Amino acid sequence: MKNKFLNIGVLLLIIFGAGWQIAATARQSITIERDDVVFDFPNEINFTLEAASSVPIERVELEYGLDVNSCATDTTRVVPDDVEPAEQISVTWTWNMRRSGSLPPGSRMWYRWRLTDANGETFISEQTWLTWLDDIHDWQTISNDNLFLHWYQGDADFAQALLDAGVESQARIERDIGAEQTKDVHLYIYGTTDELRDAILFEPGWTGGLAYSNSNIVLIGVSESNLEWGLDTVAHELAHVIIGNSFDSCYASVPTWLNEGLAVYAEGPLNAGSANVLQDAIDEDNLYSVPALSEGFSEHPGRAQVSYAQSYSMTAYLIDTYGQDKMRELLRQFDEGYRYEAALENTYGFTVAEFEAAWRASKGLAPIAVPTEAAVEPTVYPTFAPYGGQTVAAATVTPIPTSQPLPTPPGGGEAPETTSGASDLFDWQSLLSGFPLIVLLCTCLFTLTVIIAIPVVLFFMGSRRKSNPADNGDPIDVE
Ligand SMILES: [Zn+2]
């Protein structure tokens, strides 16, 4: 079934346009004369409020939040500028996505106004829900049960093939991993990765797919010419959302190799290109250690491909050898807050090193004796919080495979080593990578200071005591 979706031009919501009143503990009332929200996708949302009161309104605040699967309440409160106390007020506030970091299209959000008058009475408007819609493209929608696919470029067969890939992924995840999709998930299929980046205000990079498991949204840039990649990516990103939703706990922390391994597993058998890359890495014993794959993946496309393929292989080894029930138990361990070392041991009875040795043995390799170069190579997981400043979920990013042309960054050259989803975000990765050096420098400086300071302090104490005849201390002791 197909229907028209999001063909709305500029969205203008006149909410309670006829005016509404808020009872003020039976003494006063405030009349809202205008309450508008205008979307300018993908840049900003403009909120406008006009209100009247018999008592001057002294303070106006806008509260808003997002519909995300989050443990924390994510209410943000802003105070619009230039509101003078008056009986008649007109207020606007703009949510600038370029400054805050963008929301994925399809995000659900709410807002309400909080007004305080000169008597100290507070009035709160009804909570109103909105959907951050991408009205740039002429979207169509097809669905299957609780999976919705929105697309605007390509024919119906193209869209149906992508939706079918999602349905197959759902079934595979439920059958082999034991995680079930219980909530609606929306897949937005952009015609190109450039158009996807434009929608979420991305920097150029090699991102091809984004999974927002907290808001049940997947964004992919794929055209009919790279449908095969699109089918895998739909399955992959959907798996991230479903598995992310399978945890009740806010603190479940799944190692990267398992998170990505499960997502690649959901794609079906490893594709020939990745299988060859993995076999080459096995033949050369140029694999990553399990600890190295637990924190993050290299963003260099070539090495990232090894990371994904190896993670798939390790995950498939667990599922094929020990079965679905054990995998379900492993995920339950994460849900209970165990770290992956303990979760592995509690579930399978082996340590990380024993697991690694067993998996390597299954590939005809001896246990790792000393860390290989690949094992100690620092890795950076291409996951980031795309909404700086807003309390919402991070996205899981999937690279465009090396079989696709890589986007050229400004000025040419290779694709950047570090994908940046939002350039205004604080660069934690740089800080963390520089952390040991900083600590070392600080320690050295502190030690030097102490070494120099002690004789100086002792010298001055001695001088003071010796020069002060009233001091009862024994100057000889000081010396
Ligand atoms: Zn992934």
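Summary table below
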{"item": "Meets criteria (under 17 Å from ASP157 (Cα atoms), assigned to a helix (DSSP H, G or I), of a type outside the set (A, V, I, L, M) and within 15 Å of the ligand (Cβ to nearest atom)) for GLY244", "result": "no"}
{"item": "Residue list for the range 336-369, restricted to those being among the aromatic types (Phe, Trp, Tyr) and surrounded by fewer than 16 Cβ atoms within 10 Å (Cβ to Cβ)", "result": "PHE350"}
{"item": "Hits in the range 323-365 (condition: polar (S, T, N, Q) and under 27 Å from the mean Cα position of the chain (by Cα))", "result": "GLN333"}
{"item": "Selected residue [over 20 Å from SER298 (Cα atoms), in contact with an Asp or Glu (Cβ under 7 Å, 6 or more places away or on another chain) and more than 16 Å from the ligand (Cβ to nearest atom)] from ALA252, ALA272", "result": "ALA252"}
{"item": "Residue within the range 57-80 that is free of Cβ contacts under 8 Å to residues at least 24 places away in the same chain, closer than 15 Å to ILE124 by Cα, in a strand (DSSP E or B) and of a type outside the set (Gly, Ala, Ser) present", "result": "yes"}
{"item": "Wholly within the range 279-346, helices (runs of 4 or more DSSP H) carrying at least 1 residues that are in contact (Cβ under 8 Å) with a residue 40 or more places away in the chain and farther than 28 Å from GLU174 by Cβ", "result": "290-295, 301-322"}
{"item": "Single match in ILE173, ILE189 (criterion: out of contact with any Lys or Arg (no Cβ under 8 Å at 6 or more places or on another chain), within 16 Å of the ligand (Cβ to nearest atom) and modelled with pLDDT of 90 or more)", "result": "ILE173"}
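The values are calculated or read from the model by the stated rules, or taken from the named source; none is laboratory data. What you are looking at is a predicted structure, and each value in this text was computed from that prediction instead of being measured. Note that each Cβ is placed from the backbone with ideal geometry, even for glycine, and that neighbours are counted across all protein chains shown.
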